[in-house]
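Presented below is the structure to which this report refers.
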Amino acid sequence: MATPNTPRESSLLYDTKLDYVIAALLVVQGLIIALIGLLLVNLDRSAFATELAAELTADPEFTFSISQPALAAAIETLLTWTAIGFLAAGVGTVLIAASFFRYRGRVRDLIAVGDSPPRWHAPLLGGLVATAISFIPFSQLVGGAVAGTASTRSPTLDGALAGAVFGAPSYVIWAAIAAGTFAAGTPFLIIVVLISLLLTVAINVVLSAVGGFAARLLS
């Protein structure tokens, strides 16, 4: 028999319909991200980079000491890595959706015999819910609330961890951009990229932790 801290199989958070919705949204999101990557791959990056470099260097406010050809080469390299990032993030999101659906089946099997889900299940569920509905503003709050509701230990902590899981595809893209800036010979831009990434993660974690804390209060 399930203990008070063990979720019930009949709970909405463990309904197969929720799994279908999450998996479907993640697949659609992954396909869109991958499509953007394909568009970047098929883009005439050399011509685009040359045109953009010409516009930038012609701007009186452009003060960087870099020649137009060198800037064009850097932009082309950055675009190439960005395309790789989008493709990897898109394919990865689709694979995560498929793996998540199978994983949730195993979780329901555990619940059916009265066992608790794995420790990481609550933040994983919350993070993927938030990712699936990322087109909704402040979806991190919803993901944190889901993690907090599913948590059997610390709703606030699980909410915060859900924030780290949220937007995993964007982390892949940010990493590709960082690699691109290094490959383009502009390592100083890596600092900007890393700071932007850290700020993004921090905002996600804080908002999700608030959602988890709210779930704890409501429960």
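The values are calculated or read from the model by the stated rules, or taken from the named source; none is laboratory data. The structure displayed is predicted, hence computed values, not measured ones. Using ideal geometry, Cβ is built from the backbone for each residue, glycine included, and neighbour counts are taken over all protein chains shown. These accessible areas exclude ligands, DNA and RNA; they are computed on the full protein's heavy atoms, side chains included. Shrake-Rupley method; radii C 1.70, N 1.55, O 1.52, S 1.80 Å.
In the set (1) farther than 29 Å from residue 67 by Cβ; (2) open to solvent by 20 Å² or more (accessible area, probe 1.4 Å); (3) under 21 Å from the mean Cα position of the chain (by Cα); (4) among the aliphatic types (A, V, I, L, M), residue 214 fails one condition alone, (3). Being out of contact with any strand residue (DSSP E or B) (no Cβ under 6 Å at 6 or more places or on another chain) and under 30 Å from residue 186 (Cα atoms) is a property that does not hold for residue 95. List every residue pair whose Cβ atoms lie under 7 Å apart, where the two residues are 6 or more positions apart in sequence or sit on different chains, the first residue falls within segment 154-175 and is at positive phi, and the second residue, located anywhere, is not in a helix (DSSP H, G or I). Between residues of segment 154-175 that are at positive phi and residues that are not in a helix (DSSP H, G or I), the close pairs are 167/134. Within segment 157-173, being surrounded by fewer than 20 Cβ atoms within 10 Å (Cβ to Cβ) and either of a type in the set (A, V, I, L, M, F, W, C) or in contact with a Lys or Arg (Cβ under 8 Å, 6 or more places away or on another chain) (or both) holds for 157, 164, 168.
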